[in-house]
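Trainee: Below is a structure I'd like to ask you about.
The values are calculated or read from the model by the stated rules, or taken from the named source; none is laboratory data. Computed from a predicted model, the values in this text were never measured in an experiment. When we count neighbours, we look across all protein chains shown, and the Cβ atoms used for this are built from the backbone with ideal geometry, even at glycine. With ligands, DNA and RNA removed, areas are computed over all heavy atoms of the protein, side chains included. Shrake-Rupley method; radii C 1.70, N 1.55, O 1.52, S 1.80 Å.
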Amino acid sequence: MKETRITPRITRGNFLRVMGAGAVAGSTLSVLACQPNTNAQQSGGNGGGGGGDAKKLNFYNWSDYVAESTVPGFEKKFDVKVQQDFYSSNEELLAKLQAGGTGYDVIVPSDYMVSIMRKSDVLMKLEKDKIPNMKNLDPDFKGLSYDPNNDYSATYQWGTTGILYNPEIVKGEVTGWDVMWDERYEGKIGMLNDVRETFGASLKRLGYSLNSTDEAELDEAQDELEKQKPLLRGYFGSPEGGDLVVGGDLALAHVFSGDGFSAIAENDKLVYIIPDQGATRWTDNMAIPNGAPNPDLAHKFINYILDAEVGAELSNYTYYGCPNEAAFPMIDEAAKNDETIYPPPEVFEKLEVIEDLGEATKDYERRFTEVKSA
Ligand code: SPD
């Protein structure tokens, strides 16, 4: 695949300033101005979580995954506070929920993890009449296999997982996963600390499905990861790998697309590619855990994120794909036209969605532990 460079854009730090008060702050204010303060209704209407502070939403999300305007806009609109905590993998999120008593109201698991969580009975069924903005979601992001009726989840963002690299260090054309095994970059390579993504990269490099449960294929993928390990600076969470490429500590990092594009916004010489052997295409989804202290406010938050303007601000900040059809006209032109954010059909067909593999999940986890401790 041809290397595609994202149109150099602004950094997150100066996003509000550079876009101009009208473009971002103005649109937020217009949302605020049109909405009544619903706190009075909310105080009387806690949806039954029991004991929750009706004025506080506990939001557990991936790091660096909301626009600067998102949380303040919600706090102001509903006269509430949002407490944010962060995780860097689906497995970390699941472990936290399974340990119990987290007190989280809204979480953002990926596709396969929604399926695992549904089976583990850790998710609350959504009251869809409280989420009228669900209608704004693009039909392509509704009714997906991990939650066919959107009974438990609503899409937040989508993206791909690929390679971010610095062409001043990495020589020649980078087209596929092999570069992450290239001895010339020993000590300057970072992989994701994410069992399914990192095994997925190894499997795709070998020409296999990233959902393989074939023991011989998994043995081969594991061997390759064990061979790769001495070349690595480490396994990193999101957005750390991208940050380390920006800082010059890494030449190459296995990253989620938005983390790649954020890094490019900091240094426009960097390049993000979707390897030509294929890669992951994923969706992250808002859901409410069982036992959430404030499910009523959680539904309001999900509905707020699915608002067209809020959704556009979110994707214009994260550089991830926007699943909100009503928001799409407000997505930055540079992003809309960027084939690494919105891949063309010939690339799209090489992407695979990580599936819930049931019992085989444990096999992947055991193998990844073995790789990391090898
Ligand atoms: N910094 C936000 C990263 C969100 C990535 N979620 C994608 C998970 C894919 N398996």
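Trainee: For the chain, with the dipole built from +1 on Lys and Arg beta-carbon atoms and -1 on Asp and Glu ones, taken about the Cα centre, which of I305, P345, G278 lies farthest toward the positive end?
Mentor: I305
Trainee: For segment 209-359, what number results from the quotient of the Cα radius of gyration and 2.2 N^0.38 Å?
Mentor: With N residues counted in segment 209-359, Rg over 2.2 N^0.38 Å equals 1.23.
Trainee: While we're on this one: Which value, in Å², gives the accessible area per residue of the chain when a 1.4 Å probe is used on the protein heavy atoms?
Mentor: Spelled out: the 1.4 Å probe surface of the chain, per residue, equals 39 Å².
Trainee: Same structure, new question: Listed highest first by mean packing, meaning other Cβ atoms within 10 Å per residue, what order do 319-325, 342-348, 75-81 come in? Spell out each step's value before the answer.
Mentor: Details: 319-325: 24.3, 342-348: 13.3, 75-81: 17.1.
Going from most to least packed, we get 319-325, 75-81, 342-348.
Trainee: Given charges of +1 on the Cβ of Lys and Arg and -1 on the Cβ of Asp and Glu, with all other atoms neutral, how large is the dipole of segment 78-223 about its Cα centre, in debye to the nearest 20?
Mentor: 640
Trainee: Please figure out what share of the DSSP beta bridges in the chain is antiparallel and state it in percent, rounded to the nearest 5.
Mentor: 55
Trainee: Still on this structure: To the nearest 20 debye, what charge dipole does the chain have about its Cα centre, counting +1 at the Cβ of each Lys and Arg and -1 at the Cβ of each Asp and Glu?
Mentor: 1140
Trainee: Based on the mean of other beta carbon atoms within 10 Å per residue, what is the order of 363-369, 309-315, 59-65, 290-296, most packed first?
Mentor: In descending order of packing, they fall as 309-315, 290-296, 59-65, 363-369.
Trainee: Given that compact globular proteins tend to follow 2.2 N^0.38 Å, what is the ratio of the alpha-carbon Rg of segment 77-207 to that value? Don't jump to the answer; show the numbers that get you there.
Mentor: Numbers: Rg = 19.0 Å, N = 131, 2.2 N^0.38 = 14.0 Å.
My calculation over the Cα atoms of segment 77-207 gives 1.36.
Trainee: Give me the mean projected area, in nm² to one decimal, of the convex hull enclosing the Cα positions of segment 162-204. Write down the numbers at each step before the final one.
Mentor: Numbers: hull surface 12.7 nm².
For segment 162-204, averaging the hull's shadow over all directions gives 3.2 nm².
Trainee: While we're here: Whenever you get a sec, compute what percent of the accessible area on the chain sits on carbon and sulfur atoms (1.4 Å probe).
Mentor: Numbers: 7180 of 14620 Å².
Roughly 49 percent, rounded to a whole number.
Trainee: How big is the gap, in Å, between the Cα center of segment 254-287 and the Cα center of segment 298-351?
Mentor: With segment 254-287 and segment 298-351 each reduced to a Cα centre, they are spaced 14 Å.
Trainee: Please tell me which of these pairs span more than 24 angstrom C-alpha to C-alpha: K77/K142; K119/K350; K125/K300; K76/K130?
Mentor: Numbers: K77/K142 27 Å; K119/K350 29 Å; K125/K300 15 Å; K76/K130 19 Å.
Distance filter (> 24 Å) returns K77/K142; K119/K350.
Trainee: How big is segment 177-266 in terms of Cα radius of gyration and Dmax, in angstroms?
Mentor: 13.1, 42
Trainee: Let me ask another. Along the positive direction of the dipole of the chain (beta-carbon charges: Lys, Arg +1; Asp, Glu -1; about the Cα centre), which of M117, G358, G101 reaches farthest?
Mentor: G101
Trainee: Determine the dipole magnitude for segment 227-374: charges of +1 sit on the beta-carbon of Lys and Arg, -1 on that of Asp and Glu, nothing else is charged, the reference point is the Cα centre, and the result goes in debye to the nearest 20.
Mentor: It comes to approximately 700 debye.
Trainee: Hull surface divided by four, with the convex hull built on the Cα atoms of the chain: how many nm²?
Mentor: 17.4
Trainee: Given the peptides 157-168, 86-97, 120-131, arrange them by the average over their residues of other C-beta atoms within 10 Å, most packed first.
Mentor: Output ranking for 157-168, 86-97, 120-131: 157-168, 86-97, 120-131.
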